[in-house]
Amino acid sequence: MTPHRGDKCRRKKGGEIFTVIGTTPLRVYLQGKQPSLQLMPTREEFERNYSIIPNAELPKKTTPMEEQVGSQGLKSCRVCKKRPIDVKKWGLCSRCYGYYQSTGKLGEAKKIASLQYSASSIGFAREMRFARDFFNHKNWIYQPALFRFDEEKYSPNFFDGKEQTFIAVAGTRQAYHQNKEKYKKFRKFYESLKFEVRNVDGSLIEDADGNLVGVAKRSEEEP
């Protein structure tokens, strides 16, 4: 096969892969993985010692999100967490992708889907939005610890290391009322720990003393 610029080739002895960066009637110019590794075999030497890799055998280029989707075996949309992933590049279902594309907010969807903070394993879009908008520092942990009380298990959503406070994020008004008793038990069994309950927008519902200082909000409109 005649080499062309951009082709990938493999050295028969050793198996190293090179990229063809130029050709002349007499020589083929090759670039290795390291910028300093450049070879200039003659055409005869190239045909004898190298083989061109067909495109079908080259690994498919993937975006970081596609790699994450594949490596983690994710099947649900990274934003709504309900529908299957249709657009792997963004990790979104077709509905969420269409919504964010039509509103010009694909960049926001990307931040939600691949938020890079000290805890990159955040699982739910509401908690992602809370972390993105609430914390102005990096000294926080997602799902910091698992607590046990009355044969129950509970893990606060975040620990704010700067304020030394555990935070529960009430995604909806219904979720808040469903977990009110759990919040009370947590404070009862772990009196020495500061614990707050907040809405997704960061506003307080219950302060560190357990006082009701705000209202749990309805769920935000979602695509």
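Each reported figure results from applying straightforward, stated rules to the coordinates on display, with no laboratory input. Just so you know, these numbers come straight off a predicted model, no measurement behind them. Don't worry about glycine lacking a Cβ; one is built from the backbone with ideal geometry, like all the others, and counts go over all protein chains shown.
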Net lengthening on full extension, Y190/K89 (0.36 nm per residue, minus Cα-Cα): 32.0 nm
Stretch gain in nm, segment N211-L37, where the contour uses 0.36 nm per residue and the Cα spacing is subtracted: 56.0 nm
Violating pairs (Cα-Cα greater than 32 angstrom) within the set K12/K89; K88/K182; K82/K188; K82/K138; K81/K185; K33/K105: K12/K89; K88/K182; K82/K188; K33/K105
Positive-pole candidate from Y190, Y176, N139, dipole of the range 118-223, charges at beta carbon: Y190
Charge dipole (debye, nearest 20) of the range 140-223; +1 at Cβ of Lys and Arg, -1 at Cβ of Asp and Glu: 220
Selection of trypsin sites (Lys or Arg not before Pro), the range 142-186, meeting DSSP coil and at most 15 other Cβ within 10 Å: K162
E47 versus K138: modelled label distance in nm, points set 7 Å from Cα along the beta carbon direction: 5.5
Net charge contributed by nearby residues that have their C-beta within less than 14 Å of R148 (K/R +1, D/E -1): +1
Cubic angstrom per residue, convex hull over Cα atoms of the range 118-223: 106
For the range 8-57, size of Cβ-based charge dipole, Lys and Arg +1, Asp and Glu -1, in debye: 100
